[in-house]
1. If a residue has to be under 19 Å from LEU299 (Cα atoms) and either assigned to a loop (DSSP other than H, G, I, E, B) or charged (D, E, K, R) (or both) to count, how many in the stretch 188-217 make the cut?
2. Can you work out which of the residues in the stretch 228-259 that are part of a loop (DSSP other than H, G, I, E, B) and in contact with an Asp or Glu (Cβ under 6 Å, 6 or more places away or on another chain) is surrounded by the most Cβ atoms within 10 Å (Cβ to Cβ)?
3. With the requirement that a residue be in contact with a helix residue (DSSP H, G or I) (Cβ under 8 Å, 6 or more places away or on another chain), more than 19 Å from GLN343 (Cβ to Cβ) and modelled with pLDDT of 95 or more, what does the stretch 278-314 give you?
4. Using the structure shown, decide if GLY206 is at positive phi and in contact with a helix residue (DSSP H, G or I) (Cβ under 8 Å, 6 or more places away or on another chain).
5. All but one of (1) within 26 Å of ARG345 (Cα to Cα); (2) modelled with pLDDT of 95 or more; (3) surrounded by fewer than 24 Cβ atoms within 10 Å (Cβ to Cβ) hold for GLU225; which doesn't?
6. List pairs: first in the stretch 113-125 and among the basic types (Lys, Arg), second surrounded by fewer than 24 Cβ atoms within 10 Å (Cβ to Cβ), Cβ under 6 Å, 6+ apart or cross-chain?
7. Is it the case that the stretch 51-66 has a residue that's touching a helix residue (DSSP H, G or I) at 6+ places or on another chain (Cβ under 6 Å), hydroxyl-bearing (Ser, Thr, Tyr) and assigned by TED's automatic domain parsing to the domain that holds HIS310?
8. Quick test of your reading of the structure: ILE28 fulfils all but one of (1) surrounded by fewer than 20 Cβ atoms within 10 Å (Cβ to Cβ); (2) not in a loop (DSSP other than H, G, I, E, B). Name the failing condition by number.
Amino acid sequence: MNANLLIQNATLPDGRMRHDVLALEGRIAAIGMNLTAPEGTPTIAANGQLLSPPFVDAHFHMDATLSYGLPRVNQSGTLLEGIALWGELKPHLTQQALVERALTYCDWAVAKGLLAIRTHVDICDDRLLAVEALLEVKRQVAPYLDMQLVAFPQDGLLRSPTALANMKRALDMGVDVIGGIPHFERSMAEGADSVRILCELAAERGLRVDMHCDESDDPMSRHVEALALQTHRLGLHGRVTGSHLTSMHSMDNYYVSKLLPLMAEAQLHAVANPLINITLQGRHDTYPKRRGMTRVPELLAAGVNVAFGHDCVMDPWYSLGSGDMLEVAHMGLHVAQMTSQAQMRQCFDAVTVNAAKVMGLDLDGYGLTVGCNADFVLLQAHDAVEAIRLRANRLCVVRRGRVIAQTAPLLAQLSLPGRPAQTAWNLPR
């Protein structure tokens, strides 16, 4: 599938303008001005628009995606009803339906320039039907989309009697990452014990860890502390991610001032899910009402790598979504009040380079530097901030030097009374 391609006159995320990017045999061979390419190399004129590495979703649930309304609609829109709904749906799942929905979503993702997804897959169904389905999806999409599977004990590792055995079976089948949900165990102590067991399993098998951690409004939920402890104890530095971490928005500042250095010392990654966190958290509040998202600016300032995830699209927990990571960045920017120029660019990084670090893709050719895979997306915007503001149109999506998706530029023909006819570009969507 590898190919040659020359992108001319692009703006790069770091601000460099009028740069060309030359891809040869599926890798970036050169970046500079006025590059030449071998005869017959396809050329795309960027016209000063933004060329970015592809979007990366560091936290998703593909086994549930596009299942909205099955077996019924989440009337309350709450996290707990969503979990109950998923429990009702699981006995009726079929492998074919799971594969079809997941492949449809992957098509949406590619069209949006989203070429890497880490998806959690429920392993508390003893059939491991969803695991088999998503392993098949991963195989089918491999030529155009990187997918990591996380073995996720949705009902609790210790609360569900077969979860640990199913976890090991799923890993033996080829699932990539060990997941957990310590705050869903019966007690704080059992939650901490589940963290220890899962991290020891990861150390034994040489795998990464990504836990749903402290996804509540409880200021006393302390499982990310346990996660940092076990990461440091077992030498898993840089391989462990705490996802959600929403309890941090309720913790007192003194405790957080101790927690952040512990997380940084363990080299934890953190993933916030702005669309879902702001929707599902704070449900017991009247007013004042909590925002429901973890402390993104503070985590970044402490040196913790922070990414954003989409989490859900049209499933029991969330009836909206389209696979657009710029929508995720847009919400994250607002909720975290990250409105300085530097912070807005950090929100763009949270759905590109930071998310790639969570998945370890930065070690496997992700990025816009010579030698990296020729994977990128050309956006109808002139910089990262404008891309977020407009949720910019994806003009073309490139994988290993081949264009795999294209969208016509968004424009409007205006014929307004008293004004000359004109074409308006870069319209907000």
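1. Going through the stretch 188-217 one residue at a time, the tally reaches 5.
2. LEU245
3. Within the stretch 278-314, HIS310, ASP311, CYS312, VAL313 qualify.
4. no
5. (1) is the only condition that GLU225 fails.
6. ARG118/GLN148
7. For the stretch 51-66, residues touching a helix residue (DSSP H, G or I) at 6+ places or on another chain (Cβ under 6 Å), hydroxyl-bearing (Ser, Thr, Tyr) and assigned by TED's automatic domain parsing to the domain that holds HIS310: present.
8. Against the list (1) surrounded by fewer than 20 Cβ atoms within 10 Å (Cβ to Cβ); (2) not in a loop (DSSP other than H, G, I, E, B), ILE28 comes up short only on (1).
The values are calculated or read from the model by the stated rules, or taken from the named source; none is laboratory data. On a predicted model such as this, the values are computed, not experimentally measured, just so you know. Don't worry about glycine lacking a Cβ; one is built from the backbone with ideal geometry, like all the others, and counts go over all protein chains shown.
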